[in-house]
Amino acid sequence: MANHEILCTSAARRAAFGYMDHRTWCTKARRVVVKVGTSTLTGGGREPNRSRLSAIAADVAAVHRQGREVVLVSSGAIATGAAHVGLSLPVRGISLRQALAAIGQPILMAAYGRAFAKFGIPIAQVLLTREDVEDRRRYLNARNTLLTLLRRRVLPIVNENDAVATEEIQIGDNDNLSALVASLIDADLLVILSDVDGLYNDDPRRNPKASLIPLVERIDKAIEQLAHKTRSPIGVGGMLTKIQAARIGTESAVAVVIVNGDTSQPVQRVLAGEPLGTLFLPTGRRLASRRRWLAFGATPRGTVIVDPGAVAALHRGKSLLPSGIKEVLGDFQSGDLVVIADLEGREVARGLVNYSKAELERIKGLRTSQIEAFLGYKGHEEAVHRDNMVVHRSLMEERGGGNSARSR
Ligand code: GLU
């Protein structure tokens, strides 16, 4: 997605969007995560209600039709499971919640499947746990899956894998999960559909004079203090988890909007630039920090020697394909950092590799169409995707200049 490329760094994004109209963060967003919570789906009832779910699907489908890439993060598995077996919320006890999620998740997905089928949009279920975002290898796997679905115009619907997530490995609430997903896929915007209008300067349930804060440029202590621990009666999150999510999002260069999910067509209207809810401006430079992590943070586990054609392709911003690989040194697993070097052994780039050493040994030099036959399964097209790579020129810049290639 060419348009997405220009949005890569916060600075570039600011330059592209201009400072004046902050809502262009919404109108220009190409990749969007929408989070819908249990209370928005149930509308105060016991279980996700069909008309609310259809309205959300119609709203999301409309922005999908605009050509944007959309990921939906939806709660509601536990509530659906509870209603199915005749229990009322809230349900306490981790094993019961796990069981109810296992019951409710497929029912919820079937409902989404029907709702999005009306708009001709195929859906996919992606269930994540904390380890999937913390462990670099699993992080890359999750990222690859989500990006592949988006490329194929499928709508991924994400939830926490509640059926297996015990407390120690839980993310715990879908506000934080949605921000982690937005960060994982380099989204431009996260829209959190809430049961309140946005962030207020006081608790609106207690103080009728409280007023909505339309724009937060930076989440400071004062903003954090506004996030009273207002737990929603049936969902898990309150404003506290929403502010945590906004922090993760904005520090990852994602703009975040908290908006009332009960408004009509909230997603379309936010993306049309209507000043609804609270907009949190991105502050972070996630790609820069990731590039730093690639350049300095991690220890390379091996070296991949590539031919001159591949070197030229890398300099043109392309991914490294197995066809350009001549030799594989060291010992690494998929997801590890490797150095990419030319035939003279000079470092050209470094990046996170999609294959283990043993796999690359089998497919080096092969064309993409041959990979499956040699591996016995359909692997990734790219040995190292350009999104997970720092090429030599920028590597040198990030090391503080210098032109000389380092040889190994
Ligand atoms: N993952 C939970 C569910 O689907 C909800 C978590 C939340 O409400 O934030 O029921």
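Brief remarks on what is shown
- For the set Asp162, Asp262, solvent exposure ranked by accessible area (probe 1.4 Å, protein chains only) runs largest to smallest as Asp262, Asp162.
- Here the simple spin-label model places points 7 Å from the Cα toward Cβ, and for Phe374 and Arg151 these points are separated by 1.9 nm.
- Annotation: aspartates and glutamates with alpha-carbon distance below 20 angstrom to Lys326 (same-chain offsets under eight excluded): Asp307, Asp336, Asp342, Glu344, Glu347, Glu359, Glu361, Glu372, Glu381, Glu382.
- Net lengthening on full extension, Asn201/Asp135 (0.36 nm per residue, minus Cα-Cα): 20.0 nm
- Most tightly packed first, judged by the mean number of other beta-carbon atoms within 10 Å of their residues, the peptides 183-190, 92-99, 126-133 read 183-190, 126-133, 92-99.
- Relative packing of peptides 343-350, 34-41 - highest average C-beta neighbours within 10 Å first: 34-41, 343-350
- Taking 23 Å as the limit for the C-alpha separation, the pairs Lys318/Lys378; Lys35/Lys378; Lys221/Lys242; Lys35/Lys221 exceed it in the case of Lys35/Lys378; Lys35/Lys221.
- Dividing the mean sequence gap of close Cα pairs (under 8 Å, 6+ apart) by how many residues segment 134-273 holds gives a relative contact order of 29 percent.
- Solvent-accessible surface (1.4 Å probe) assigned to Thr278 amounts to roughly 0 Å².
- Residue list for segment 131-163, given a label point 7 angstrom along the Cα-to-Cβ vector of Ala102 and an amide N cut-off under 19 Å: 159-163
- Using heavy atoms of the protein chains and a probe of 1.4 Å, the accessible area assigned to Asp21 is about 80 Å².
- Amide H contacts under 5 Å for Lys326: Ile305, Val306, Asp307, restricted to partners 5 or more places along the chain or on a different chain, H placed in the peptide plane at 1.01 Å from N.
- Report note on the peptides 302-308, 192-198: ranked by the mean count of other C-beta atoms within 10 Å, highest first, their order is 192-198, 302-308.
- Counted residue by residue at 0.36 nm each, then reduced by the alpha carbon distance between them, the extension gain from Gln268 to Leu89 reaches 61.4 nm.
The values are calculated or read from the model by the stated rules, or taken from the named source; none is laboratory data. Computed from a predicted model, the values in this text were never measured in an experiment. Methodologically, a virtual Cβ is constructed for each residue, glycine included, from the backbone with ideal geometry; neighbour enumeration extends over all protein chains shown. These accessible areas exclude ligands, DNA and RNA; they are computed on the full protein's heavy atoms, side chains included. Shrake-Rupley method; radii C 1.70, N 1.55, O 1.52, S 1.80 Å.
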